[in-house]
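Worksheet for the structure shown next.
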Amino acid sequence: MPSLKDLRNRIASVKSTQKITKAMQMVAVSKLRRAQGAVEAARPYAEQVEAVLTNLAGAATDGQGPRLLVGSGSDQVHLLLVCTGERGLCGAFNTAIVRLARDKANALAAEGKTVKILCVGKKGYDQLRRTHERQILELIDLRAVRTITYQTAQPIAAKVIDLFDNGQFDVCTLFYSRFKSVIAQIPTAQQLVPPELGPKDEKAPVYDYEPDEGEILAQLLPRAVAVRIYRALLENAASFFGAQMSAMDNATRNAGEMVKKYTLRYNRTRQAMITKELIEIISGAEAL
């Protein structure tokens, strides 16, 4: 049975932890507002790029068009671009993305496909290397990046395009967590190369492009890859802070429950010791 001193130490320790989790929650709330604003500002541009790309892709028929659009003609080698957080203490945020990527990798391996992995974020790398270390090509560390910008995504997009041009893979799939709300982050897989495009809007106006569609696509496709990665990084950042805020809120409330539990136990133990001392005094007095 713990002594009163042990219980006091436990209560003090839990209270200290509670202060830390509460502070982290407040920091996450502040950063979430900025990250959510950045996501909401980037979504219209990304959606418009997708719309223009879908419209232009109609010109690429029967396998004609830039390789980034039509692919290499094979799907034997797959590159998984897994974007996760650089830090933990965010609940199941990182684990959910890694689980989706791992399931995809295992499914492709079962079909006899070759799988390669490019990790953006240390936490995803740490989890994936336990089971797929040989398939990991590189870790892209973003711990030094304070604010995610388009320039953050450009080197990653350039690396992916360079690998594709060198014949290192046939299909690239992007994994990230789409921000829906503070309590809802959706692990998402999106085919990056060749791009997975939605159906063309038949009601959309028809444009005549100058120069022709092929030249525009050659310039637009690399930018579209960077835009998709940039949006994924922004969505990840907002999802991370949302998950961290929820996790730290739960940790703060759990710490409060532990403090109540230990305080009640401390008071009962202290009362029992006082009662025992009183009984010993009374018994000694009666013996005299």
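Taken together, the values in this text are just the output of simple stated rules run on the coordinates, not laboratory data. Just so you know, these numbers come straight off a predicted model, no measurement behind them. Cβ placement follows ideal geometry from the backbone for every residue including glycine, while neighbour counts extend to all protein chains displayed.
Summary table below
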{"quantity": "Simple label model, 7 Å out from Cα along Cβ direction - E277 to K180, nm", "calculated": "5.8"}
{"quantity": "Rough spin-label spacing in nm, given labels placed 7 Å along Cα→Cβ, for S30 and Q190", "calculated": "3.0"}
{"quantity": "Pairs from K31/K180; K116/K180; K159/K180; K123/K159; K123/K261 whose Cα-Cα separation, in the structure shown, is over 23 Å", "calculated": "K116/K180; K159/K180; K123/K261"}
{"quantity": "Relative contact order [Cα under 8 Å, 6+ residues apart], the chain, whole percent", "calculated": "32"}
{"quantity": "The chain - mean residue ellipticity at 222 nm from DSSP helices (-39,500 (n - 2.57) per run, n ≥ 4, rounded to 500)", "calculated": "-22500 deg cm²/dmol"}
{"quantity": "Fully extended contour minus Cα-Cα distance, from K19 to Q154, at 0.36 nm per residue", "calculated": "44.7 nm"}
{"quantity": "Three-way shape call for the stretch 32-244 based on the alpha-carbon gyration tensor, with the a/c threshold at 1.5", "calculated": "oblate"}
{"quantity": "Crossing angle, helix 213-287 versus the chain [Cα axis fit, 0-90 degrees, rounded to tens]", "calculated": "10"}
{"quantity": "Exposure proxy ranking, count of Cβ atoms within 10 Å, fewest first, for I117, I282, I140", "calculated": "I282, I140, I117"}
{"quantity": "Once exposed loop chymotrypsin sites (Phe, Trp or Tyr not before Pro) are cut out (DSSP; at most 15 other Cβ, 10 Å), longest piece of the chain", "calculated": "1-206"}
{"quantity": "10 Å Cβ shell holding at most 14 others, DSSP loop, trypsin sites (Lys or Arg not before Pro): longest site-free stretch of the chain", "calculated": "1-86"}
{"quantity": "In degrees, nearest ten, helix 93-110 long axis to first principal axis of the chain (Cα)", "calculated": "50"}
{"quantity": "Angle in degrees between helix 122-132 and the longest Cα principal axis of the chain, rounded to the nearest 10", "calculated": "80"}
{"quantity": "Projected label distance in nm at K113 and A285, using a 7 Å step from Cα toward the beta-carbon", "calculated": "8.5"}
{"quantity": "Dipole of the chain, positive direction: furthest Cα of L7, F240, Q76, with charges on the beta-carbon", "calculated": "L7"}
{"quantity": "Residue range of the chain that is longest and free of GluC sites (Glu not before Pro) which are both DSSP loop and sparsely packed (at most 15 other C-beta within 10 Å)", "calculated": "1-110"}
